[in-house]
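J.: Have a look at the structure that comes next, please.
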Amino acid sequence: MASSSLLPCLLTLFLCIKISLATNFYQTTEITWGNGRGQILNNGDLLTLSLDKTSGSGFQSKNEYLYAKIDMDIKLVPGNSAGTVTAYYLSSQGSTHDEIDFEFLGNLSGDPYTLHTNVFTQGKGNREQQFRLWFNPTVNFHKYSVVWNPQHIIFLVDDKPIRDFKNHESQGIAFPKNQPMRMYSSLWDAEDWATRGGLVKTDWSQAPFTASYQNFNENACVWSSGSSSCGSSNSQPWFNQELDTANQATMKSVQEKYMIYNYCTDVKRFPQGLPPECSLP
């Protein structure tokens, strides 16, 4: 039995990790739209979203977080997915919201998906980086993760870092830190822009389109009634996570091989000068 002196520490640790142990979709999420096109199956271990010409579908986490590491295994829409977007992201609400985006842009059969990432701070985005995945994301489940802590937003694919948005508040660059966010995911039609800038439209004869989800994990500081479950400190590794030398090298290699768009190199888009974070280490 734990001694009384250890109980506060054990309680704090439990509050911070309590929801990371539950990956059952019935417990951790709720389907919010789609009129039955979103389904929780296999006793809560599997969730599917579907899209047809009438509607897409979506779900969200029951909890809000103020800093988190979230993981989700996703198997994307197979075959001709042109025009479809599978979105998986963290977001707060309102016109000055914060948001951390994974979006998977469908394509013609045999052509690769585009992985679109973005970071919004206080309602301002325009920080897109896009990648071609180095595997077929429709055959098997693959793990997509976000680490959001006070100093970094790290995007990972199968535990490989692909992007690191750093806290440069000292340079006057906003960073998400005050607005609790939920996890959201949706499957929807974006044929006006998703595939080759909208040149390739959705082939509705292939509908319904379906994406599948499993193994949702929330290692999070849960926000409830105006306070965080983690209090003023957090001893979990993700809360202070940054990329070591090996992971920096992995990220650089991924970006060199698979990045197809980087807002920080798009001088035509920003004729008055690139965003200030682009010149910082």
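The values are calculated or read from the model by the stated rules, or taken from the named source; none is laboratory data. These numbers were taken from a predicted model, which means no experiment stands behind them. So basically every Cβ, Gly included, is an ideal-geometry build from the backbone, and we count neighbours across all protein chains shown. These accessible areas exclude ligands, DNA and RNA; they are computed on the full protein's heavy atoms, side chains included. Shrake-Rupley method; radii C 1.70, N 1.55, O 1.52, S 1.80 Å.
J.: Could you work out how much longer the chain between SER227 and ASN136 gets when fully extended? Use 0.36 nm per residue separation minus the Cα distance between them, nm to one decimal. Walk me through the numbers before you get to the answer.
T.: Numbers: separation 91, 0.36 × 91 = 32.76 nm, distance 4.12 nm.
Separation in residues times 0.36 nm, less the Cα-Cα distance, equals 28.6 nm.
J.: Considering the convex hull of the alpha carbon atoms of the chain, report its projected area averaged over all viewing directions, in nm², one decimal.
T.: Numbers: hull surface 69.3 nm².
With the hull built on Cα positions only, its mean projection is 17.3 nm².
J.: Shifting gears a bit: With each pseudo-label sitting 7 Å past Cα toward Cβ, what's the SER235-ARG196 distance in nm, one decimal?
T.: Taking the two extended label points, one gets 5.6 nm.
J.: Treating cross-link reach as a plain straight distance, find the lysines whose alpha-carbon is under 25 Å from the alpha-carbon of LYS268, omitting any fewer than eight places away in the same chain.
T.: In chain and number order, the partners are LYS124, LYS166, LYS252, LYS257.
J.: Determine ³J(HN,Hα), in whole Hz, for all residues of the range 262-279 in sequence, where each value follows from phi through the Karplus function 6.51 cos²θ - 1.76 cosθ + 1.60 and θ = phi - 60°; x replaces Gly and Pro.
T.: With the stated coefficients, the range 262-279 comes to 9, 4, 6, 10, 8, 5, 5, 6, 10, x, 8, x, 5, x, x, 5, 5, 9 Hz.
J.: Would you calculate a helix-derived [θ] at 222 nm for the chain, using -39,500 (n - 2.57) for each DSSP H run of n ≥ 4 and dividing by the full residue count, to the nearest 500?
T.: Numbers: 3 runs with 29 residues, N = 281.
Calculated mean residue ellipticity at 222 nm is -3000 deg cm²/dmol.
J.: Can you compute 3J(HN,Hα) from phi for each residue in the range 201-207, using the Karplus curve 6.51 cos²θ - 1.76 cosθ + 1.60 with θ = phi - 60°, rounded to whole Hz and x for Gly and Pro?
T.: 8, 6, 8, 5, 5, 8, 5
J.: Related question: Probe radius 1.4 Å, ligands and nucleic acids ignored: give me the carbon and sulfur share of the accessible area of the chain as a rounded percent.
T.: Here carbon and sulfur together make up 50 percent of the probe-accessible area.
J.: Next question. Find how much the distance from GLN27 to GLN39 grows on full extension, using 0.36 nm per residue of separation minus their present alpha carbon separation; answer in nm with one decimal.
T.: Working it through step by step, the gained length comes to 2.9 nm.
J.: Once the other residues with Cβ under 11 Å from the Cβ of THR202 are scored (Lys, Arg +1; Asp, Glu -1), what is the net sum?
T.: So the surrounding residues net to -3.
J.: While we're on this one: Treating only the Cβ atoms of Lys and Arg (+1) and Asp and Glu (-1) as charged, compute the dipole magnitude of the chain about its Cα centre; round to the nearest 20 debye.
T.: Taking the Cα centre of the chain as origin, the dipole is about 140 debye.
J.: If you don't mind, there's one more thing I want to ask. Please report, in whole Å, how far the alpha carbons of the range 148-281 spread along each principal axis, starting with the longest.
T.: Principal-axis extents of the range 148-281 (Cα, largest first): 53, 39, 31 Å.
J.: Simple spin-label model, 7 Å along Cα-to-Cβ: LYS143 to LEU108 in nm?
T.: It works out to 3.5 nm between the two label points.
J.: Net charge near ASP189: determine it from the other residues with C-beta under 13 Å of the C-beta of ASP189, scoring Lys and Arg +1 and Asp and Glu -1.
T.: After counting each charged neighbour, the total is -1.
J.: Report the GluC sites (Glu not before Pro) located in the range 180-281 that are in a DSSP loop and have at most 15 other Cβ atoms inside 10 Å of their Cβ, or state none.
T.: GLU242
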